[in-house]
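> Dropping the structure in here first, questions after.
Where a number appears in this text, it was derived from the coordinates with a stated rule and is not lab data. The structure displayed is predicted, hence computed values, not measured ones. Quick reminder, even Gly has a Cβ in these numbers, built from the backbone with ideal geometry, and neighbours come from all protein chains shown.
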């Protein structure tokens, strides 16, 4: 099985397509990585690249993109709604398959060190790579944004993990870290009673003692006229869509309400889909390497690396 | 979505790894195709390559492999248990995604014509590409094998679809055709009564008026001490694993027997898995392009084609 890491770096340019194109080129011309998407947001004046590849090659491509962004973006002239501290604002590394979170953390640390050493951009580690508990969340690292951090970076509290306590004159600072793949998953209840969705959300979410890796809220969805348990699954190795679906069904039925369906928003790894299929068909001895597309992908990735 | 065709040609050499390696090289050095596997069988003195790629490139790679086999294999010196008529014995083309059966039939016809024209190997069309009803099955085309066909090829009944009615002096003749992807799928019954498995097989198989694209037999499986409905699903666009599973459950329950599980033997396209997952989770508006591996595969295939 090919070892795959996903990277979704955010850059502080969302209006000039030629700049974003040049940063994307730095990724797409890298060996061993595949650029899956490039999105610009004019209001946020921010863009996101999505690419996947083998671990070292993903880190190299992220470094090259960061170098290019530092050449092309001047934070002194940047404005936009979204909080940010640098030209390359944040570089999340996500283990997709055959790679542990620990390996991704190590990868993010060496990438952060390299950006500080070679590009002279101070870097912060966040999420699973955070060096301090108060740096796990992006929002705490971004406090004061580029403008405020110019001064506060010199304080002990805001000192970067790598590099001098001084913003790069045009590129600011960059946040790097490993985080799990995240699946956005919603379950609909056959009721308009949003309070039931909220009660179930509270029961199942991790922070209130529920299922590991589950963030959950209850909403009323106008379009379907139904209550919805809206979730982010942040650790598929612990809690899968099938596991939360089963639990929500049980909690809803205990209150006499049925589940009417569920939805996956955005991308999902095939393993999360496969589990539900295995359950539905009572599959015996099914190995996910039997899925043709996965085998093809592995063959293509190993050719890509030759 | 990348347009993908699978090709699993059979060659009449299963003992000399250097010969099989050279034929495999003709495939792996082709642009736009990925060699997934190469298997040799000494008793059958036969080998099978499995490769996947975009339609025209798959046909080109199959042609090159056929040319190489004609240079390296002498049918006058071939013996083995498996019936065969040529150095490249049969070239099945299978639509995997984004390609219709009609397109695969057209592809197989032009490949068969090219092999006859350029390599002077007479070719027969079989399965979905067959020009006559009696040539749908391989066994009827292989009747008499290489040795017998030397004479009988001159008769009207055995005249090839392309090329002169005369075997290639060393490479014999080749069968080419399009056939659907095939999933081997078994459902286990909670009984030792094989007669129930046989009755259900008869009810669901196409040839007895059952479900389209289903071949089915009933067996007793010693290992599990259970009766098994053993199936080949030859048209997933008509009948999926979930559809037959549901039907077998219904037929078994009507006789008071439960289904204990099922198994997929070998490869399966992700779409067949996805359907069961969508059913299990009641997924709303799920699009299979949301499956990350599929999207990666598409991106890699389009890069492969650049």
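> For every helix of n ≥ 4 consecutive DSSP H residues, a contribution of -39,500 (n - 2.57) applies; sum these over chain A, divide by its total residues, and give [θ] at 222 nm rounded to the nearest 500 deg cm²/dmol.
After summing the helix terms and dividing by the residues of chain A, the value is -11500 deg cm²/dmol.
> Rounded, prolate or oblate: which fits the stretch B:143-194 when a ≥ b ≥ c are the square roots of the eigenvalues of the alpha-carbon gyration tensor, with rounded for a/c under 1.5 and prolate only if a/b beats b/c?
It is prolate, given that a/c is not under 1.5 and a/b is the larger ratio.
> Next question. In a Gaussian network model over chain A where Cα atoms closer than 10 Å are linked, find which of A:200, A:109, A:91 has the largest mean-square fluctuation.
A:200
> Among the DSSP beta bridges whose two residues both lie in chain A, what percent are antiparallel, rounded to the nearest 5?
The antiparallel fraction comes to roughly 85 percent.
> Can you compute the FRET efficiency between residue B:265 and residue B:56 using 1/(1 + (r/R0)^6), with r the Cβ-Cβ distance and R0 = 45 Å? Round to the nearest 0.05.
E(calc), rounded to 0.05, equals 0.90.
> Which residue, A:157, A:127, A:206, tops the fluctuation ranking in a GNM of chain A built on C-alpha contacts under 10 Å?
A:157
> For peptide A:31-39, how many partner chain Cβ atoms fall within 10 Å of a residue's Cβ, on average?
2
> To one decimal in nm, how far is residue B:258 from the same spot in the other copies, if labels go 7 Å from Cα toward Cβ? Please give the shortest first.
Result, one decimal in nm: 2.2.
> Also, quick follow-up: Given axes a ≥ b ≥ c from the Cα gyration tensor, I'd like to know whether the stretch A:62-205 is rounded (a/c under 1.5), prolate (a/b larger than b/c) or oblate.
prolate
> Taking chain A as a Gaussian network, Cα atoms linked when under 10 Å apart, which of A:175, A:244, A:105 shows the biggest mean-square fluctuation?
In this elastic network of chain A, the residue with the biggest mean-square fluctuation among A:175, A:244, A:105 is A:244.
> With labels modelled as points extended 7 Å from the Cα through the Cβ direction, what inter-label distance (nm, one decimal) is found for residue A:302 paired with residue A:147?
It works out to 5.5 nm between the two label points.
> Could you work out, residue by residue across A:165-174, how many beta carbons of other chains sit within 10 Å of that residue's beta carbon, and then give the average as an integer?
Mean partner-chain Cβ count within 10 Å for A:165-174: 0.
> Put the label 7 Å from Cα along Cα→Cβ for residue A:184; what are its distances to the other copies, in nanometres, shortest first?
4.2
> Can you give the average number of partner chain beta-carbon atoms within 10 Å of each beta-carbon in peptide B:259-268, as a whole number?
Mean partner-chain Cβ count within 10 Å for B:259-268: 5.
> Along Cα-to-Cβ, 7 Å out, sits the label point; list in nm, shortest first, how far the one on residue B:106 is from those in the other copies.
Copy-to-copy label distances at residue B:106, shortest first: 5.2 nm.
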